[in-house]
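*Asks:* Would you mind keeping the following structure in view while I ask a few things?
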Amino acid sequence: MNRNLLGPAVLVLLALGGGTLLAVRATWSEATARAAGIPETDLAVSGADVVPGAAGLALLVMAAALGVLAGGPRLRRVIGALVAVAGVVGVVISSRTGDALQTAQQRAIDEAAVAGATVDWSSTAAPAFAIAGFALVVVVGGAVAWLGPRWATMGRKYETPAAREPDASDLWKAMDDGVDPTA
């Protein structure tokens, strides 16, 4: 059963990396600024504004999926451990966003030039999806580190050996077989 998990593990890592990247790039907080005499202004803060490193971690997970596919047993163990650590870091930085979120919200207000306006921020579900994605990355990374060395590796079916040098006894063997070696 363990040998059949390579394909699903690679696909799950790609899906988790892509899904987590989408969650990180999505809007984490949004608001509408209202002030007398100016039109309403929509404000949005994405996860990349709050935790810029999370997108890089999600891309690392996607790249690691290809490394799991092409790597040997030892490399899979290292990649699995690296993916698990990346998932832990992703969970930590995505869940501790208090000051960073407030800073990004203030930056959005400053960029929109709506100082003094009434702004009520609301959160979206994207941070929860990012945290859940990184938590699943920890689980899958641990599974790759644990089970990966047992999976089949890429074959060497089409690799050809180097040409061997002719041996002096080959001529005599050819003559013994009745073949003219000079022809």
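Only the coordinates and a few stated rules stand behind these numbers; no lab work does. For clarity, every value in this text was computed on a predicted model and none was experimentally measured. Note that we place each Cβ from the backbone using ideal geometry, even for glycine, and neighbour counts take in every protein chain shown.
*Asks:* Given V138, G53, W151, which one lies farthest toward the positive end of the charge dipole of the stretch 2-155, if we put +1 on the Cβ of every Lys and Arg and -1 on the Cβ of every Asp and Glu?
*Replies:* Of the candidates, W151 comes out farthest on the positive side.
*Asks:* A further question on this structure: Anyone know which of A86, A128, A23 comes out most mobile in the 10 Å Cα GNM of the chain?
*Replies:* Answer for the Gaussian network model of the chain: A128.
*Asks:* If neighbour count is taken as other Cβ atoms inside 10 Å, put V51, V139, V88 in order from fewest to most. Can you show the working numbers first?
*Replies:* On the way: V51 25, V139 13, V88 16.
The fewest-first ordering by Cβ neighbours comes to V139, V88, V51.
*Asks:* Further question on the same structure: For the chain, report the % of Cα-Cα distances exceeding 19 Å.
*Replies:* Numbers: 11096 of 16653 pairs.
Counting pairs separated by more than 19 Å, the tail of P(r) holds 67 percent.
*Asks:* Arranged by the count of other C-beta atoms within 10 angstrom, fewest first, what order do T20, T32 take?
*Replies:* Details: T20 30, T32 15.
Final ranking by Cβ density, sparse to dense: T32, T20.
*Asks:* Please state the relative contact order of the chain as a whole percent: Cα pairs under 8 Å, 6+ residues apart?
*Replies:* Computed value for the chain: 33 percent relative contact order.
*Asks:* For the chain, what does the helix formula give at 222 nm: sum of -39500 (n - 2.57) over DSSP H segments with n ≥ 4, over the residue count, nearest 500 deg cm²/dmol? All intermediate terms of the calculation are to be shown ahead of the outcome.
*Replies:* On the way: 7 runs with 112 residues, N = 183.
Roughly -20500 deg cm²/dmol at 222 nm, from the helical runs in the chain.
*Asks:* Could you give the size of the charge dipole of the stretch 1-99 about its Cα centre, using +1 on the Cβ of each K and R and -1 on the Cβ of each D and E, expressed in debye and rounded to the nearest 20?
*Replies:* Details: 7 positive and 5 negative charges, 151 e Å.
Dipole size: approximately 720 debye.
*Asks:* For each of D110, D49, count neighbouring Cβ atoms within 10 Å of the residue's Cβ, then give the residues from fewest to most. Intermediate results must be reported in sequence, preceding the final value.
*Replies:* Values: D110 10, D49 19.
Exposure proxy ranking, most exposed first: D110, D49.
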